[in-house]
Amino acid sequence: MTAGSTVHLNYATHYRQEGAQKADVLVSFDGGADRLVKRYSADARATVESLPVTVPAGANRMVVKFRYHDASNNWYWVIDDLRVS
């Protein structure tokens, strides 16, 4: 990663919305606080994503997290073929 550059989170996803559930894509740099990149709150069936993320100055390490929360059902969120470019 180069500080100040933009990287892309590329992945395939299948998400079904129900009720108050949410699905978040988060990143953090060098152990810092999570930053929300995308929140799913509507269906995204068989979708390919390419989400831009700006790398902050001085960053050396990026962690990507996927969080599925506020769900009280038997639905699911699928993520496949994750690449950072």
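Annotation note: Cβ proximity below 8 Å between a residue of segment 1-17 that is closer than 13 Å to R83 by Cα and a residue that is among the small types (G, A, S) and open to solvent by less than 20 Å² (accessible area, probe 1.4 Å) (sequence gap 6+ or interchain) occurs for T13/A44. Scan segment 32-54 and give yes if some residue there is in contact with a Lys or Arg (Cβ under 7 Å, 6 or more places away or on another chain) and more than 25 Å from R16 (Cβ to Cβ), otherwise no. No, that holds for no residue. Just one residue in the set V53, V27, V48 is open to solvent by 80 Å² or more (accessible area, probe 1.4 Å) and either under 19 Å from M1 (Cβ atoms) or at pLDDT 95 or above (or both); that residue is V48.
Applying a threshold of 8 Å to beta carbon distances and a minimum spacing of six or more residues, or different chains, the list of pairs starting in segment 65-84 at a residue that is touching a residue at least 60 places away in the same chain (Cβ under 8 Å) and ending at one that is among the polar types (S, T, N, Q) reads W77/T13; V78/T13; I79/T13; D80/T13; D81/N10; L82/N10; R83/N10; V84/N10.
The values are calculated or read from the model by the stated rules, or taken from the named source; none is laboratory data. Keep in mind it's a predicted model, so treat the numbers as computed, not measured. As a convention, Cβ positions derive from the backbone with ideal geometry for all residues, glycine included, and neighbour counts pool all protein chains shown. We work out accessible area using only protein heavy atoms, side chains counted, and drop any ligands, DNA or RNA first. Shrake-Rupley method; radii C 1.70, N 1.55, O 1.52, S 1.80 Å.
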